[in-house]
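The values are calculated or read from the model by the stated rules, or taken from the named source; none is laboratory data. Please read these numbers as outputs of a predicted model, since none were measured by experiment. Reconstructed Cβ throughout: ideal geometry from the backbone, glycine too, with neighbour counts over all protein chains shown. Areas reflect the complete protein model, heavy atoms only, side chains present, ligands, DNA and RNA absent. Shrake-Rupley method; radii C 1.70, N 1.55, O 1.52, S 1.80 Å.
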Amino acid sequence: MEKYGVEVQEKKQVKEEGLQELPGTHENIVLRFAPNPSGPLHIGHSRAAVPNAEYVKRHNGKLILRIEDTDPKRVYEDAYEMIPEDLKWLGINPDEIVYQSDRFDIYYDHARQLIEKGAAYMCTCDGAAFKELKDNCKACPCRDNSVEKNLELWDKFDTMDAGEAVLRVKTDINHKNPAIRDWVAMRLVDETHPRLGNKYRIYPMMNFSVSVDDHLMGMTHVLRGKDHLANSEKQKYLYDHMGWDLPEFIHYGRLKMEDIALSTSKALEGIENGTYSGWDDPRLGTLRAVARRGIDPRTIYNLITEIGVKMADSAISWKKIYGLNRNLLEPIANRYFFVEDPQLIEVKNYEGGKVIVERPLHADHMDRGNRLLPFDGSAYLAKSDIADGVFRLMDAVNVDIKGDEITYNSTSFEDARDLKARIIQWVPAEDNVNVTIVMDDASLKTGLGEAALSDLNVGDIVQFERVGFARLDEIKDNELVFYYAHK
RNA sequence: GCUCCGGUGGUGUAGUCCGGCCAAUCAUUUCGGCCUUUCGAGCCGAAGACUCGGGUUCGAAUCCCGGCCGGAGCACCA
């Protein structure tokens, strides 16, 4: 009886919402987010950043932001600034930031240790020749060189030409996956590094610097994409050689983004040739682009948390993002009128004189007060709203539209209901502001908005009734520019 | 081609390890109703899934084998 009870309890372990629980220790965990600084962060990066941050938060651990800038060809200098900004936007604050370019001496030191242990060797084979041997499970001649010989070559590594030699880590030359066999740890690079200039010529390969750092920084868990599965396998050999404990390696699947298939390099290319306005062009999948459109960081954070760290790939749909974001925006966004392609109309036979129409900023939050829209018989309507039939200019009057003729019908809402009049928005003839809305495909919607919009600040998010949610991006002399979020 | 990894509604996710409580969870989406001075929101309701075929078993989304489909890696990139 007792035993049965225990078993049931084990099975019914309560799981945390969203992210599945971390394997291994939960005490003093240390995790890292380690991007290559090739550009600002995009939604794909959040798949790595968010779970790390979330686990750290959950277990009160430590999060390190490690900038992996060990390939000068793939460093975009502004990214050093942009990455921490993007993380901050996501609500992620690393406990520490380290740059791998500051740590070359540490890598050199460990490379030497490896050679001394006989676990690495200087390889002077031609790349193609090595591959030929490796693919046939054959060791190259360099593999048998003595430690002394390897140290000698290592010491004059710096004087060789790029490509003349590399340092290889010994693995298993018969490993069934050829990619794992004796991988490269160090190579020569002559490119100028944005932070280091030409101070060093010997550069670590990612598998080497990552392993050394992960160990030295005390990582308890390493989360990475499944594209690194083979790399984890390679790195295990290094941990073994050095006698280090392995962190928990956790791999997650690919994140596919509906529509936008933009890699950082493609985006940069488009920015440079003028196709895109910048890293925050609404067509891009960068965090700064979605932020500009009024996507709340919690939308991204929550969605990524929900997707979790499983090995299967997943595809994010904009519908899902918009749906989640709408739930966050709906209560905070105040309502305003905007008419696209405004047509000034005159309501014939209107004799009500000048009235001030009051509309709540938000129907569910009356305490926020009202906007005031003066009406005296004429107004701007959206071109697409003008069609034959009976309509109610919201909160003002009911009109009959026939061709160019717009005539007064009645005033009360009850009449509109009886007439089954469709309700349309309008903008006062006198009191209005120019509005441009930059859509998600970068096209522009231009028109007029009600005067109350000029009270807004940049960054405010509104809902234009029947148009959608938009974020005020810029206040120009005679124009407000919004970025469209979604319906 | 070789090595490896996946496959639950349109999308995302729970459940798979330890088979029964799963005629499968939640979110988003779509549709309908109510309400409402937004074709919005809200409320109510509905739609929609275990990749296929064998096997084990009293019982399979869950275990085994095979097929199919998808993805990744196979760099002196990260």
Name the lysines eligible as straight-distance cross-link partners of A:Lys476: C-alpha to C-alpha under 19 Å, and not fewer than 8 places from it in the same chain. A:Lys445
How much space per residue, in cubic angstrom, does the convex hull of the C-alpha atoms of the range A:56-99 take up? 73
Percent of Cα-Cα pairs more than 19 Å apart in the range A:351-487, please. 55
How long are the three semi-axes of the equivalent ellipsoid of the range A:191-330, in whole Å, if each is the root of 5 times an eigenvalue of the C-alpha gyration tensor, listed from largest down? 34, 24, 13
The simple spin-label model distance between A:Phe413 and A:Arg195, using points 7 Å out along Cα→Cβ, in nm, is 6.1
Before I look further, what does the range A:346-389 give for accessible area per residue, probe 1.4 Å, in whole square angstrom? 59
Report the per residue volume, in Å³, of the convex hull enclosing the C-alpha atoms of the range A:280-396. 165
Whole-percent pair-distance distribution, where bins are 5 Å wide, for the alpha carbons of the range A:301-360: 4, 10, 13, 13, 13, 8, 8, 8, 7, 5, 4, 3, 2, 1
Kindly provide the helix-only [θ] at 222 nm of chain A, computed as the sum of -39,500 (n - 2.57) over DSSP H runs of four or more divided by all residues, to the nearest 500 deg cm²/dmol? -9000 deg cm²/dmol
For a quick check of your reading of the filter: which trypsin sites (Lys or Arg not before Pro) in the range A:379-432 sit in a DSSP loop and have no more than 16 other Cβ atoms within 10 Å? A:Lys420
Can you tell me the orientation of helix A:297-307 relative to chain A, as the angle in degrees between its alpha-carbon axis and the longest Cα principal axis, to the nearest 10? 60
Between A:Asp441 and A:Ser146, what length comes free when the chain is fully extended (0.36 nm per residue of separation minus the Cα-Cα distance, one decimal in nm)? 100.0 nm
The simple spin-label model distance between A:Ala230 and A:Arg58, using points 7 Å out along Cα→Cβ, in nm, is 3.1
To make sure I understand the rule: partners must be lysines, Cα under 26 Å from the Cα of A:Lys176, and not fewer than 8 residues away in the same chain. Which ones qualify? A:Lys117, A:Lys131, A:Lys134, A:Lys138, A:Lys226, A:Lys234, A:Lys236, A:Lys310
Radius of gyration and Dmax over the Cα atoms of chain A, both given in Å: 31.0, 104
Based on the Kirkwood radius over alpha-carbon pairs, what is the Stokes-Einstein translational diffusion coefficient of the range A:93-158 at 4 °C with 1.567 mPa s viscosity, in µm²/s? 93
Write down the Å³ per residue value for the convex hull defined by the alpha carbon atoms of the range A:130-235. 143
Computed on Cα atoms, Rg of the range A:351-425 relative to 2.2 N^0.38 Å comes out at 1.15
On the accessible surface of chain A, probed at 1.4 Å with all protein chains in place, carbon and sulfur together account for a percent value of 46
